[in-house]
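A short write-up of the structure that comes next.
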Amino acid sequence: MKILVCISNVPDTTSKINFTDGDTKFDTNGVQFVINPNDEFGLTRAMWFKEKQGATVHVANVGGPTTEPTIRKALAIGADEAIRVNAEPTDGFFVAQQLAEVVKNGGYDLVIAGRESIDYNGGMVPGILATLLDMNFVNTCISLEVDGNNATAMREIDGGKEKISTSLPLVIGGQKGLVEESDLRIPNMRGIMMARKKALNVIEPVDAAKATQDAKFEKPAAKGAVKLVDNVDDLINLLHNEAKAI
Amino acid sequence: MSTETIDKEILRGGQFLVKETKCDDVFTLEDLSEEQKMMRDSTKEFVDREIWAHWERFEGKDYAFTAETMRKAGELGLLGIAVPEEYGGMGMGFVSTMLVCDYISGATGSFSTSFGAHTGIGTMPITLYGNEEQKKKYVPKLASGEWLGSYCLTEPGAGSDANSGKTKAVLSDDGKYYSITGQKMWISNAGFCNLLIVFARIEDDKNITGFIVENDPDNGITMGDEEKKLGIHSSSTRQVFFNETKVPVEDMLSERGNGFKIAMNALNVGRIKLAAACLDAQRRVINEAVNYANERIQFKTPIINFGAIKAKIAEMATNTYVGESGSYRAAKNIEDRIAIRVAEGNSHQEAELKGVEEYAIECSILKVAVSEHVQFTSDEGLQIYGGMGYSAEAPMESAWRDSRIGRIYEGTNEINRMLAVGMLVKKAMKGHVDLLGPATAVGEELMGIPSFDAPDFSELFAEEKDLVARLKKVFLMVAGSAVQKFGPELEKHQQLMMAASNILIEVYMAESTILRTEKNAKRFGEESQATQIAMAKLNLYNAVDVILKNGKEAIVSFAEGDEQRIMLMGLKRFTKYTNNPNVVALRTQIADKVAADNGYTFD
């Protein structure tokens, strides 16, 4: 089985978020970047397939040269090879078109992408990718087993879970549940040293349209002052008359 | 790069005092390779997940958990960073070794002590002095964490005077083994170690001898109870008793009588690594303390807004930055020196030994400086927490207790202060460092008329670098005169040695910090280094104060009359600022940045 794990390079969850250029661009100054957590769950599951079922695991990223430390981390965790499409990941449609090209050329049986990246939370890439490739698709996937050409996946749905039987080739929009947080791997020292010797192929992007444009970013409004009340009657009174919430 | 070229560019140990270093020639934390950054990040992730998350177990004296976590560190490859690849390690350079030592140390002194005892003094004597069979037999097990090691040097009557141990090793009649009998104290990792490096005396030898001893209770090895310690609660520390423990002759380390040398060289490495191991502990204390100060509201405002708190945060951050600057500068010097030795045809083993030995002065300086920084930082961190800081529920109490051991182990700070100056004087006597020429020049300068030209201090650090050059003269003046006066007897004047050492330490740390910051300002822009520039300036200001005080003490202790008067005038001249820095503004600037970042972000 040949697996492609799609990796987004996203700000660490503890980063301070600021915008520049009249609030139209994310300010990357001083921001630490990491593998998108939803992708990391997928990568870790892919490593399981590698170790238990002899799968080959490649990772792909659409981004500039600054994303390479993140890609190298995936290699250090154990991916065999990496591909970087040398382009800014301007929107989900653009990224999906680039990744579709990678999948077509690489002949992958299973494509694991995170269900969304934690920077812009678009959640578009896996779905568009499956459509462009005409592959089976399971989104919000929380477990995945593969047996030969058959795949069994569990999907998170409102108030429950859905079990799906499908077949390869398959695109997964993965998330926590594929593996648990405690399963995530810290790159070991030997892995880090070996990552240096693994292929990180940089390819140029194909012509692709961008479907959206960022008009403006806004931070959530700062929280106002807190009013402390002594009893329930006062609280109800304030909620009803002042906040007009009830 | 030819060996010769490298040689010219790298200062020899102790030469920092008499030669100017260019900022491009110092290695800084900002020079880490992508691979080293990944190693650092992995170490941090390991600490967050496996150590910090279980902080209470470490504080609860869960020794078995320490051993378990050590083995996990082994699985990740963290125990074999410095071990050559042919013995199951990673064969990484000295900087990478320091890096792991640094970032593994943040969460609890218990683990960093256990880690240091195993990877440093527990493993290195074999990698550095062991023969091929010994290395093949023992090192892979130690590098993987399958076995944990410990180091048995100290005895009830032999602490700082390590060569005076009473443990005996008696050769059997058939000449096949030594029988070791004696008592060892304060042995880290004793409770769970598989292997012990033991030092014992054969017959009435002048010097002790090293042995590799497998921990086998059926072979006359008994452990005392766990020591009840102030801090590092789950680092296992016990007495170890040897009663006719049989050790095959082939498990002698190096040669008979070489033990003291092994012990001292293992400690040189241990010293600089201990400095590294005090760094992340400081970062973590700062992060916790500033987070607390940002959230703790008194008088209707977060306490970070009070100048008294800002001053503390600024000094804590500055200490940490200074410690990083010195530690990584020396680490790279050692790494380069090893590379030069290897290129010259030395075995890696020999090269590493000589490389570290070359910078033994810097190792001692760093051990003292950074172990005192971590104590200061954790003490102020506790103070920022106020009453809560005194509670064992909050992280400051254990950080404060854990930090205290740093001044004691790997040679007390007093011993290391003596060593730093003593080794420098010896190097000068042997002609390895020319102290005499520069000291004579300073003497002549004292007798001459000082220049009254107004210097041009418009460039970044121009005044600070000029001042550092003059602070070096203080040391040369004080130590030069003291050596002339007392000769080899100088070592007996311990208070004078301490004062001279304090000057030496401040010079090295201040210069390292300025050079690191200058290098970064040059390549990343002054604006991006504004806080670091402030820290370098604040540290120099503090250093000048220490040097003034210690210089005066030293001069008055041995010089009289005109000589004293001239030297005190020199001291004044050499420590004088043309433009006094506004340290209140500097501290405020530093603290505001740390507060805005809600942590230490300069590494």
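The values are calculated or read from the model by the stated rules, or taken from the named source; none is laboratory data. Just so it is clear, the model here is predicted, and its values are computed rather than measured. Quick reminder, even Gly has a Cβ in these numbers, built from the backbone with ideal geometry, and neighbours come from all protein chains shown.
Quick notes on this structure:
- Sole residue being in contact with a Lys or Arg (Cβ under 7 Å, 6 or more places away or on another chain) and crowded, with 24+ Cβ neighbours inside 10 Å, chosen from B:S403, B:S371, B:S378: B:S371
- Residue within the range B:47-54 that is closer than 30 Å to B:E226 by Cα, more than 14 Å from chain A (Cβ to nearest Cβ), part of a helix (DSSP H, G or I) and basic (K, R) present: no
- When restricted to residues that are away from chain A (no Cβ under 14 Å) and over 25 Å from the mean Cα position of the chain (by Cα), the range B:60-73 contains 7.
- Residue check for B:G487: in a helix (DSSP H, G or I) and on the phi > 0 side of the Ramachandran plot: yes
- Test: residue in the range B:228-247 that is more than 26 Å from the chain's Cα centre (by Cα), hydroxyl-bearing (S, T, Y) and closer than 20 Å to B:G175 by Cβ: yes
- Odd one out for B:D218, checked against (1) over 30 Å from B:R57 (Cβ atoms); (2) touching a Phe, Trp or Tyr at 6+ places or on another chain (Cβ under 6 Å); (3) in a helix (DSSP H, G or I): (2)
- Of everything listed in (1) over 21 Å from B:Y328 (Cβ atoms); (2) within 26 Å of the chain's Cα centre (by Cα), the single unmet condition for B:Q484 is (2).
- Of all residues in the range A:203-214, those that are surrounded by 14 or more Cβ atoms within 10 Å (Cβ to Cβ) have Cβ atoms under 6 Å from Cβ atoms of residues that are among the hydroxyl-bearing types (S, T, Y), 6 or more apart or on another chain, in A:D214/A:T24.
- Here B:I10 passes the criteria (1) away from chain A (no Cβ under 14 Å); (2) in contact with a Leu (Cβ under 9 Å, 6 or more places away or on another chain) except the one numbered (2).
Matching residues to (1) within 12 Å of chain B (Cβ to nearest Cβ); (2) modelled with pLDDT of 90 or more; (3) within 30 Å of B:S144 (Cβ to Cβ):
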residue	(1), (2), (3)
A:K198	no, yes, yes
A:P205	no, yes, no
A:D214	no, no, no
A:D230	no, no, no
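Residue by residue, here is whether (1) closer than 21 Å to B:T21 by Cα; (2) out of contact with any strand residue (DSSP E or B) (no Cβ under 6 Å at 6 or more places or on another chain); (3) in the same structural domain as B:I514 (by TED's automatic domain parsing); (4) not acidic (D, E) holds:
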| site | (1), (2), (3), (4) |
| --- | --- |
| B:L382 | no, yes, no, yes |
| B:Y390 | no, yes, no, yes |
| B:E397 | no, yes, no, no |
| B:R401 | no, yes, no, yes |
| B:R404 | no, yes, no, yes |
| B:L419 | no, yes, no, yes |
| B:L436 | yes, yes, yes, yes |
| B:G448 | no, yes, yes, yes |
| B:D466 | yes, yes, yes, no |
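- Entry remark, the range B:567-588: residues being β-branched (V, I, T) and part of a helix (DSSP H, G or I) number 3 in total.
- Pairs where the first residue, in the range A:218-241, is more than 28 Å from A:D119 (Cβ to Cβ) and the second is polar (S, T, N, Q), C-beta under 9 Å, 6+ apart: A:V229/A:N237
- Pairs with Cβ under 7 Å, 6+ apart, first in the range B:542-570 and in contact (Cβ under 8 Å) with a residue 12 or more places away in the chain, second among the small types (G, A, S) and not in a helix (DSSP H, G or I): B:M567/B:A559
Quick grid of which residues meet (1) of a type in the set (D, E); (2) part of a helix (DSSP H, G or I):
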{"residue": "A:G22", "(1), (2)": "no, no"}
{"residue": "A:N38", "(1), (2)": "no, yes"}
{"residue": "A:G42", "(1), (2)": "no, yes"}
{"residue": "A:M47", "(1), (2)": "no, yes"}
{"residue": "A:K52", "(1), (2)": "no, yes"}
{"residue": "A:V57", "(1), (2)": "no, no"}
{"residue": "A:T66", "(1), (2)": "no, yes"}
{"residue": "A:E88", "(1), (2)": "yes, no"}
{"residue": "A:A96", "(1), (2)": "no, yes"}
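- Scan of the range B:254-295 for residues that are part of a helix (DSSP H, G or I) and either aromatic (F, W, Y) or over 20 Å from the mean Cα position of the chain (by Cα) (or both), ordered by number: B:G259, B:F260, B:N287, B:E288, B:A289, B:V290, B:N291, B:Y292, B:A293, B:N294, B:E295
- A:S182 being over 25 Å from A:V95 (Cα atoms) and among the hydroxyl-bearing types (S, T, Y): yes
- Residue in the range B:313-320 that is surrounded by fewer than 23 Cβ atoms within 10 Å (Cβ to Cβ) and acidic (D, E) present: yes
- Residue tally, condition outside any strand (DSSP E or B) and free of Cβ contacts under 8 Å to residues at least 24 places away in the same chain, over the range A:132-148: 2
- Matching residues, the range A:149-175, being loosely packed, with under 13 Cβ neighbours inside 10 Å and in a loop (DSSP other than H, G, I, E, B): A:N149, A:D158, A:G159
- One residue stands out among those in the range B:487-497 that are surrounded by 19 or more Cβ atoms within 10 Å (Cβ to Cβ) and modelled with pLDDT of 95 or more: the one that is farthest from the chain's Cα centre (by Cα), which is B:L496.
- When A:I142 is tested against (1) under 30 Å from B:L76 (Cα atoms); (2) away from chain B (no Cβ under 14 Å); (3) in contact with a Lys or Arg (Cβ under 6 Å, 6 or more places away or on another chain), exactly one condition is not met: (3).
- Scan of the range A:23-64 for residues that are touching a residue at least 60 places away in the same chain (Cβ under 8 Å) and within 14 Å of chain B (Cβ to nearest Cβ), ordered by number: A:P37, A:E40, A:T44
- Of all residues making up the range B:345-402, the number that are touching a residue at least 40 places away in the same chain (Cβ under 8 Å), hydroxyl-bearing (S, T, Y) and either over 23 Å from B:A510 (Cα atoms) or part of a helix (DSSP H, G or I) (or both): 6
- With respect to (1) within 14 Å of chain A (Cβ to nearest Cβ); (2) more than 23 Å from the chain's Cα centre (by Cα), the lone exception for B:R57 is condition (1).
- Single unsatisfied condition, B:E553 versus (1) modelled with pLDDT of 95 or more; (2) more than 26 Å from B:G326 (Cβ to Cβ): (2)
- Only residues that are β-branched (V, I, T) and either more than 15 Å from B:I514 (Cβ to Cβ) or in the same structural domain as B:V583 (by TED's automatic domain parsing) (or both) were counted across the range B:315-340, and they come to 4.
- Single residue of the range B:74-126 satisfying the filter (assigned to a loop (DSSP other than H, G, I, E, B), away from chain A (no Cβ under 11 Å) and in contact (Cβ under 8 Å) with a residue 60 or more places away in the chain) that is farthest from B:R284 (Cα to Cα): B:P84
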